[in-house]
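Worksheet for the structure shown next.
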Amino acid sequence: MLRLARHVTLRQLQVFATIARLNNFTRAAEELHLTQPTVSAQIKSLTDSIGLPLFEQIGKKIYLTAAGKELYKTVQEIFRNLDHVEMKLAALRGLKQGTLSISAISTAKYFVPEVMGKFVKRFPGIDVSISLGNRDHVLHRLLANEDDLYILGHNPPIDDGIEAMSFTRNPLFVMAHRNHPLAKQHNIHLRDIAAQPFIAREPGSGIRDATEKLFARHGLRLNVRMELSSNEAIKHSLAGELGLSVLSLHSIIWEGSRGPLTILDVEEFPIERQWHVAFPRGKMLSVVAEEFLRFLQQEGKILETMIEAFLSKHQHHDKARSRRPKVR
C-alpha cells in the first residue's frame, strides 16, 4: 500500500477510471482535455507501478483485465470518498458549493429542469447537469453509478441493490386529439382502445411496458401503428390525429386544459404510478445530493397539488364542452 501511495498519482487514477468507464483511450483523452500520447503515458506509468497489465485489446475493443477490474472498483471508492469529503468541507465552511448530476427518464423533462432551476436559485454556487433517456438507459447509468441521483417513473428493481423513495404521483392516461371519435365517450372499454391505431413509445420505455402489461392482463394487444422515441413526437402525432396513446399527465400539464389533446375516459385508467428518486444501495451521497433529496420531497407536494388542479379543471372544461349546443 505504501509503495503504491509513493508511486501512483490521483491524476493517473483519474485517467485510468475514465478509460475504464468509456472503454476507449481516444474518448477518454477528449473528455479529460488531454492528448492521446499523454493518456497513454499516464497508463504506462500506472501499469508499471501496479506491476500487472490493466487493459487488454481484443480486435478493436479494449477490456479491463482481472487486475484492472479490481483497481477500478477501488478507484471508484476513492473518488466517491474524495467527493464526499469535498462536500462536507464545503458545508463546514458554510458554502453551498459543488456539483449535482441527475439521470432521469425522458418524461421527467416536463418538471425536473424547473425543479433543478429552483434548487440552483436557492443554492447558486452549485453546478447541475441532467442526462435524459428511457428507463433502460437510466437503469444502466444507475447500476454503473455514473450520477448522483436517478429519477424513474416506476418502482426501480430494488433487488439489484438500489435504494429508492417516491416523491410525487405519475398517473398515466389514454390521450388523443380533442376531435377523436372517443373523446366524448365515457367509461370506454379497453377492447375499444385496443382496436384503435396506437402510437407507442419504443421498447425499453416504462410507459410502454406498463401499458402492455395492463392490456395483456385482459387478453388484449395494442394495435401499434407507430413507435416513437420521445413523448413530444407522440404528442405531435396525436395532434395530427394519427391515433391515440398512453402518456404521463406531466407531458401535458403545462399546456393547460385547452391544449389540442384530451384525456379519454377509459376503464382501468389512470395507471397510478409514482415518481421515484433512486441511487445505488450503500452509495455515500454528497451534501448537495442529500440537500436535493429534501428539496425534491418538498417540490413533490407542489407537483401533486398541480395534478389535482389540472384534473379538476380538465373535468370541468370537458363537461362545459359536452353541454354546448350543436351548431346547425
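Summary table
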item: Gain in span if fully extended, Glu308 to His186, counting 0.36 nm per residue against the direct Cα distance; result: 41.9 nm
item: Among Gln57, Ala28, Leu46 the positive-end extreme of the charge dipole of region 25-72 (Cβ point charges); result: Gln57
item: Percent carbon-and-sulfur accessible area, region 1-132, ignoring ligands, DNA and RNA, probe 1.4 Å; result: 58
item: Extension gain from Thr99 to Asp209, taking 0.36 nm per residue of separation minus the Cα-Cα distance; result: 36.3 nm
item: Asn145 paired with Asp48, simple spin-label distance in nm, labels 7 Å along Cα-to-beta-carbon; result: 3.0
item: Extended-chain gain in nm, criterion 0.36 nm per residue less alpha-carbon gap, Glu202 and Leu4; result: 66.5 nm
item: Calculated Rg and Dmax of region 96-177 using C-alpha coordinates, Å; result: 14.0, 46
item: Residues whose placed amide H lies under 5 Å from that of Ser131, excluding near-sequence neighbours; result: Ile102, Ser103, Ala104
item: Selection of GluC sites (Glu not before Pro), region 218-286, meeting DSSP coil and at most 14 other Cβ within 10 Å; result: Glu241, Glu267, Glu268, Glu272
item: Where labels lie 7 Å past Cα in the beta-carbon direction, separation of Glu272 and Trp254 in nm; result: 2.7
item: Charge dipole (the chain, unit charges on Cβ, about Cα centre) - positive-most of Leu190, Ala239, Leu303; result: Ala239
item: Using θ = phi - 60° and Karplus 6.51 cos²θ - 1.76 cosθ + 1.60, couplings along region 273-289 (whole Hz; Gly, Pro as x); result: 10, 10, 7, 10, 10, 9, 6, x, 4, x, 5, 8, 6, 6, 4, 5, 5
item: Hz values of 3J(HN,Hα) by residue in region 227-234 - Karplus curve (6.51, -1.76, 1.60), Gly and Pro given as x; result: 10, 10, 9, 9, 5, 5, 5, 5
item: Cα radius of gyration and Dmax for region 146-228 (Å); result: 15.9, 47
item: Nonlocal amide H pairs with Met226, under 5 Å, H built at 1.01 Å; result: Phe198, Ala200
item: Cβ-derived FRET efficiency at R0 41 Å, Asn179 paired with Asp136, nearest 0.05; result: 0.75
item: FRET efficiency estimate (nearest 0.05) - Cβ-Cβ, Ser129 to Lys69, R0 22 angstrom; result: 0.20
item: Unit charges at the beta carbon, dipole of region 66-192: most positive-side option, Leu142, Tyr72, Pro181; result: Pro181
item: Over region 225-297 - Rg/Rh using Cα atoms and the Kirkwood inverse-distance radius; result: 1.12
item: Prolate/oblate/rounded call for region 1-120, Cα gyration tensor, a/c under 1.5 rounded; result: oblate
item: Size of electric dipole in region 193-325: Cβ of Lys, Arg +1 and of Asp, Glu -1, about Cα centre, debye, nearest 20; result: 220
item: Long-range HN-HN contacts of Thr168 with modeled amide H, under 5 Å; result: Trp275
item: Calculated from backbone phi, Karplus (6.51, -1.76, 1.60) coupling profile of region 178-190 in Hz, x at Gly/Pro; result: 4, 8, 4, x, 8, 4, 9, 8, 10, 6, 5, 6, 4
item: Label point distance in nm, Asp160-Arg21, each placed 7 Å from Cα along Cα→Cβ; result: 1.9
item: Ellipsoid semi-axes in whole angstrom, largest first, where each is sqrt(5λ) of the Cα gyration tensor of region 58-150; result: 29, 22, 8
item: Rg and Dmax of the chain, Cα atoms only, in Å; result: 24.6, 91
item: Gaussian network model of the chain, Cα within-10 Å springs - most flexible of Gly125, Gly59, Gly243; result: Gly59
item: Accessible surface, the chain, averaged per residue in Å² (probe 1.4 Å); result: 54
item: Within region 116-142: backbone nitrogen closer than 17 Å to the Gln298 label point (7 Å, Cα to C-beta); result: 116-126
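The values are calculated or read from the model by the stated rules, or taken from the named source; none is laboratory data. If you're wondering where the values come from, they're calculated on a predicted model, not measured in any experiment. With ideal geometry, Cβ positions are generated from the backbone for all residues, glycine too; neighbour counts draw on all protein chains shown. Just so you know, the surface numbers come from the protein's heavy atoms only, side chains and all, with ligands and any DNA or RNA stripped out. Shrake-Rupley method; radii C 1.70, N 1.55, O 1.52, S 1.80 Å.
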